[in-house]
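Engineer: Sharing a structure with you now.
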Amino acid sequence: MNLLFIAWRNFRYRALSSFLTTLSLTLGVALVVMVMAIYGIISEAFVRNASVGYNLVVGPRGSALQLTLNSVYYLSQPIENLAFTEYMEFFPADERAAMVRKYGGDPALGERDGEYAGYVAGGYVIPLALGDYFGEFRVVGTTPDFFTKLKHGPDVDQPFTFREGKAFQDFSTENSYFEAVLGSRVAAQMGLKVGEMMNPTHGDPEGKGHGQGFRVVGIMAPTGTPNDRAVFVNLEGFYLLEGHAKPLDEDAVVVPPEPNDDLPEEKLLTIPEREVTSILVRNGNLMFAPGMQNRINEGGRAQAAAPIGEINKLMTLIVGPLMKALLAITLITCIVAAVGVLVAIYNSMNDRKRDIAVMRALGARRGSVTMVILFESFIIAVVGGIAGWILAHAAILAAGTFIEQQTGVQVGLFSVSQFEWLLLPFVALLSLIAGIVPAWAAYRTDVGSNLSA
């Protein structure tokens, strides 16, 4: 009779013990697979969401990682603010002069090109202003370029689209500067619709309300990026909220803006009163990016960070070691389960000594009896390993919609991580090692004494 078939009969004969032993191994394998999958999902989500079209983030001097988390993922708190004149350094003289005429400020600002204008030619610069909340979600002051210039998706080629409504404008005759666009998660959780008012709070979710609200003009389609959990408002409206104007210095040169009948009654902040939290930069030629980054960092007024580089550092220095520690713990769980295999089979040896003696008396060799025990351990390993893999991936598939909403990573039943294929051979080897002790006990079983018992 085939030795593997005999092992399978033994496995089925001891159904309850085999089931419990296999279950413990199944849970151990499922834990390891899920840890590997979670690490893969986190890695892909961080790297993908750090790439949305721009290649540098510019902000106040401090932690480059904090700047990235705050500006790209809307996590952490802003380091400080940058003067609006630092934002103007990315524009040529004619555009700087137009800003002076529109907002009011020192005319000298429009008499030269910005320090970094040559690096950006052919690219774009988008300002961000943070500090307010809508419920638990960050309110981001920006310009309409945010929705037209930035892209998302695996290849960073998908434009932002709207489930309802549209992007806000520079100025609307109906809503003035007070228009807002909601990320998909914000709209779903807060229950707002296009046409309703959104009232931000200052400083934190429980902060004081500004009184002035923004009309919701658009709700973004889900993107799987941090933009799903943010509220975007017109930068000019953000500046006009109470407490958002920078106090003027006594020596500040402020020339009033030129009269413009097309503008509303609201008086826009002058350039010295304006600040930005950070600036998203896309170089027209990416070869210029390192030179511009070095020049900004050496200037002493601001810092420039490459989001993908900072996220890779985060994964390498913090997330990676934590996940490895968690993986080590789950692997220990598999080892404990393998010890359970050893104990379960070894404890059954007393009940099987007579059966083993009969097999020997019928002509079975010691090696054949030993292989039956090892095959039984191998069966537990294979059944437990496959069941654990299926259980883990079924759980991941069941949570697929939630994972995609939170991270933008699409997962399926057969989405596997990098080293997952090594797990089943490892578990099989571990179980075979665990089967050596009971197999040795079977090898040493005395035929005569157990047949006469």
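The values are calculated or read from the model by the stated rules, or taken from the named source; none is laboratory data. Keep in mind that what you see is a predicted model, and the values were worked out from it rather than measured. Quick reminder, even Gly has a Cβ in these numbers, built from the backbone with ideal geometry, and neighbours come from all protein chains shown. Please note that ligands, DNA and RNA were not included when accessible areas were found on the heavy atoms of the full protein model with its side chains. Shrake-Rupley method; radii C 1.70, N 1.55, O 1.52, S 1.80 Å.
Engineer: As an exercise, use a Förster radius of 41 Å and the Cβ-Cβ distance of Leu422 and Val156 to find the FRET efficiency, rounded to the nearest 0.05.
Structural biologist: Rounded to the nearest 0.05, the efficiency is 0.80.
Engineer: Hey, another quick one. By how many nm would the segment from Thr173 to Lys267 grow when fully extended, if each residue of separation counts as 0.36 nm and the alpha-carbon distance is taken off?
Structural biologist: Roughly 32.3 nm would be gained on extension.
Engineer: Moving on. For a protection proxy built on the mean count of beta-carbon atoms within 10 angstrom, sort 127-133, 318-324 highest first, please. Walk me through the intermediate numbers first.
Structural biologist: Working: 127-133: 22.3, 318-324: 13.1.
Ranked from most to least packed, the peptides come out as 127-133, 318-324.
Engineer: Which FRET efficiency, nearest 0.05, do Ile386 and Leu248 yield, Cβ-Cβ r, R0 60 Å?
Structural biologist: 0.25
Engineer: Taking the mean number of other Cβ atoms within 10 Å as a proxy for protection, how do you rank 271-283, 135-147 from highest to lowest?
Structural biologist: 271-283, 135-147
Engineer: Taking R0 as 22 Å, what's the FRET efficiency between Glu111 and Glu258 from their Cβ-Cβ distance, rounded to 0.05?
Structural biologist: It comes out at approximately 0.85.
Engineer: Could you pull out the trypsin sites (Lys or Arg not before Pro) across region 44-109 that fall in loop regions by DSSP (anything but H, G, I, E, B) with no more than 16 other Cβ atoms inside 10 Å?
Structural biologist: Arg61
Engineer: Another question, then. Considering amide H positions built from the backbone, and no H for Pro or chain starts, which residues 5 or more places from Asn55, or on another chain, come under 5 Å of its amide H?
Structural biologist: Distant-sequence amide H within range of Asn55: Val281, Arg282, Asn283.
Engineer: In nm, to one decimal, how far is the modelled label at Glu136 from the one at Thr316, with both set 7 Å along Cα→Cβ?
Structural biologist: That separation, rounded to one decimal, is 3.3 nm.
Engineer: Compute the length gained on full extension between Asn294 and Ala399: take 0.36 nm times their separation in residues and subtract their Cα-Cα distance, giving the result in nm to one decimal.
Structural biologist: 33.5 nm
Engineer: Here's another thing I want to ask about it. Subtract the Cα-Cα distance of Phe5 and Asp94 from 0.36 nm times their separation in residues, and report this length gain in nm to one decimal.
Structural biologist: Numbers: separation 89, 0.36 × 89 = 32.04 nm, distance 8.51 nm.
Length difference between fully extended and current span is 23.5 nm.
Engineer: Given a 1.4 Å probe, how much area per residue of region 1-135 is accessible, in Å²?
Structural biologist: With the other protein chains kept in place, region 1-135 gives 41 Å² per residue.
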